[in-house]
Amino acid sequence: MEKQHLTIAGGGSTYTLGMLMSLISEKDNFPLASITFYDTDIERQQKVADASKVVIKEKYPELEEFVVTSDKETAYKDKDFIFVQIRTGGLEMRIKDEEIPLSHGIVGQETCGPGGMAYGLRSIKDMIELVEDIRFYSKDAWILNYTNPAAIVAEALKRVFPEDHRLINICDMPISIMNGLSTLINRSVWDLDPEYFGLNHFGWFTDIYDTEGHNLTDEIKNKILSEGLQPESEIAEDPSWIATFKQVEQTLRDFPEYIPNTYLQYYLYPKKMVEKENPKYTRASQVISGRAKEVFEMCERIVARQTLADEKLEGDVHGVYMVKIAESFAYNKNEKFIVMTKNNGTIPNIPNEAIIEVPALITSNGVKPIQVGEIGIFYKGLMESQYAYEKLTVDAYFEGSRLKLLQALTLNRTVVNANVANDILTDLLEANKDYWPNFA
């Protein structure tokens, strides 16, 4: 099995150590010759990298090369895979993404509604530049992007790189939800075979089978309604995630046809979502004082002790999912995963050009989406409106149109009020003046 050369763009991310452990857990199936960390925040990346050196020494001694760099050529030249996890503006700008909408009584969330628009508009420029840099140095590398907000980023990248079939956008939420569902019925998440359709953070599981073809959907639905859905172990004690997964039960009671993606709560119950938030201590602040602080403290302990012993660090389901997708691309395994891809008739009654999220076969020739067929009018209406918001946002970016930003926010189900949309947009324009293009 040929060894791969991998770069993680965003090496200073708080998720990098988890991804490294996921790579280690899959090293027999996805052997690596080299791992390179790349980040523009040198100091932050070095903290993660110093801990990673200890981890690699203990858990991956057969790795031939580990490189830490802020140089693009070093990062991207002659690579087979690039995993992308960047956050333009950092967690500090995420705070504004969440606080500004909440100050107007609207959902404050990093990927949904006005906050998602703000984050998306900041991400587009850097993502385009990143892909251009990668293609300059490695024209055939697989780019697996999980930068948020994935829908807006994917829509923009599709326009600039329309023929790049090795540029893949992936979200970890479907596998995270499946992990919770598998726990309900005492199965491994890797034994579930889901049927799913939607847009990113905006979709539904229509049926879930096991690998032998048995339909588990009714059993899972009954378990959700009787026991509730719990988040996976790594976030099981996080109040925000507990509330998010609990909301699936109400959504399923109200709309029992399909099992919903957890993010639909922001669009179907926006008033409730606003009421449960603290506008002065949003999710971003919780991450800064929680996960981010804990990860860097762990890095310091690992470096100080020069061992991973006594640390609770292992590969998570999100990272393993990403690595398994890479395996299927690298070795033409033809395995099925839920990914984002251009519609092209997969769902015949929504626009062909929409970036949808559906199961697909992953091959060395690219993504082969599995036909979904026409969807019901309720789901079509929701998806058409959400896609219009995503498309208008990206239109606005390339055209410099404030009007289209206003149209996008007015359409978004978390807002649906032109006066409020205008007020939020004014605040977001000011907050993002160092990141957004000029809008007239």
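The values are calculated or read from the model by the stated rules, or taken from the named source; none is laboratory data. Fair warning: this is a prediction, and the values are worked out from it, not measured in the lab. FYI the Cβ positions are ideal-geometry reconstructions off the backbone, even for glycines, and counts take in every protein chain you see. For accessibility, only protein heavy atoms count, side chains too; no ligands or nucleic acids. Shrake-Rupley method; radii C 1.70, N 1.55, O 1.52, S 1.80 Å.
Residues of the range 393-419 that are more than 19 Å from residue 111 (Cα to Cα) and part of a helix (DSSP H, G or I): 398, 399, 402, 403, 418, 419. Report yes if residue 356 is open to solvent by less than 20 Å² (accessible area, probe 1.4 Å), touching an Asp or Glu at 6+ places or on another chain (Cβ under 7 Å) and at negative phi, otherwise no. It is false that residue 356 is open to solvent by less than 20 Å² (accessible area, probe 1.4 Å), touching an Asp or Glu at 6+ places or on another chain (Cβ under 7 Å) and at negative phi.
I want to confirm something. Restricting to the range 218-240 and keeping residues that are among the hydroxyl-bearing types (Ser, Thr, Tyr) and closer than 21 Å to residue 172 by Cα, which single residue is modelled with the lowest pLDDT?
Within the range 218-240, the subset among the hydroxyl-bearing types (Ser, Thr, Tyr) is 226, 233, 240.
Now drop any that are not closer than 21 Å to residue 172 by Cα, which leaves 233, 240.
On the way: 233: 60, 240: 79.
Residue satisfying both the conditions and the ranking: 233.
With respect to (1) under 19 Å from the mean Cα position of the chain (by Cα); (2) crowded, with 22+ Cβ neighbours inside 10 Å, the lone exception for residue 347 is condition (1). Put simply, of 373, 400, 381 the only residue that is more than 23 Å from the chain's Cα centre (by Cα), more than 25 Å from residue 171 (Cβ to Cβ), at pLDDT 95 or above and among the small types (Gly, Ala, Ser) is 400. It is to be established whether one or more residues within the range 272-280 are of a type outside the set (A, V, I, L, M, F, W, C), touching a residue at least 60 places away in the same chain (Cβ under 8 Å), surrounded by fewer than 13 Cβ atoms within 10 Å (Cβ to Cβ) and not in a helix (DSSP H, G or I). Within the range 272-280, one or more residues are of a type outside the set (A, V, I, L, M, F, W, C), touching a residue at least 60 places away in the same chain (Cβ under 8 Å), surrounded by fewer than 13 Cβ atoms within 10 Å (Cβ to Cβ) and not in a helix (DSSP H, G or I). Cβ separations smaller than 7 Å between residues 6+ apart or across chains give the following pairs from the range 304-320 residues that are among the β-branched types (Val, Ile, Thr) to residues that are crowded, with 16+ Cβ neighbours inside 10 Å and assigned to a loop (DSSP other than H, G, I, E, B): 317/232; 320/26.
Residue count for the range 112-154, restricted to those that are closer than 18 Å to residue 71 by Cα and assigned to a loop (DSSP other than H, G, I, E, B): 3.
With respect to the conditions (1) among the basic types (Lys, Arg); (2) open to solvent by 80 Å² or more (accessible area, probe 1.4 Å); (3) under 30 Å from residue 185 (Cα atoms), residue 293 falls short on a single one, namely (3). In this structure, residue 269 does not qualify as within 21 Å of residue 379 (Cα to Cα) and touching a His at 6+ places or on another chain (Cβ under 8 Å).
Residues that are in a helix (DSSP H, G or I) and among the basic types (Lys, Arg) occur in the range 361-384; there is at least one.
Among the listed residues 56, 35, 82, identify the single one that is touching a residue at least 12 places away in the same chain (Cβ under 8 Å), more than 30 Å from residue 123 (Cα to Cα), touching a helix residue (DSSP H, G or I) at 6+ places or on another chain (Cβ under 8 Å) and not charged (D, E, K, R). Even if it seems obvious, please write down each step before you answer.
On the way: 35 fails: more than 30 Å from residue 123 (Cα to Cα); 82 fails: more than 30 Å from residue 123 (Cα to Cα).
Just one listed residue meets the conditions, 56.
From the list 108, 115, 90, the lone residue that is on the phi > 0 side of the Ramachandran plot and either open to solvent by 10 Å² or more (accessible area, probe 1.4 Å) or over 12 Å from the mean Cα position of the chain (by Cα) (or both) is 90. The set of residues from the range 45-62 being of a type in the set (Phe, Trp, Tyr) and open to solvent by 70 Å² or more (accessible area, probe 1.4 Å) is empty. Entry remark, the range 329-356: residues being of a type in the set (Ser, Thr, Tyr) and touching a Pro at 6+ places or on another chain (Cβ under 6 Å) number 2 in total.
Is it fair to say residue 195 is of a type outside the set (Phe, Trp, Tyr), in a loop (DSSP other than H, G, I, E, B) and either more than 30 Å from residue 420 (Cβ to Cβ) or open to solvent by 40 Å² or more (accessible area, probe 1.4 Å) (or both)?
Answer is no for this residue.
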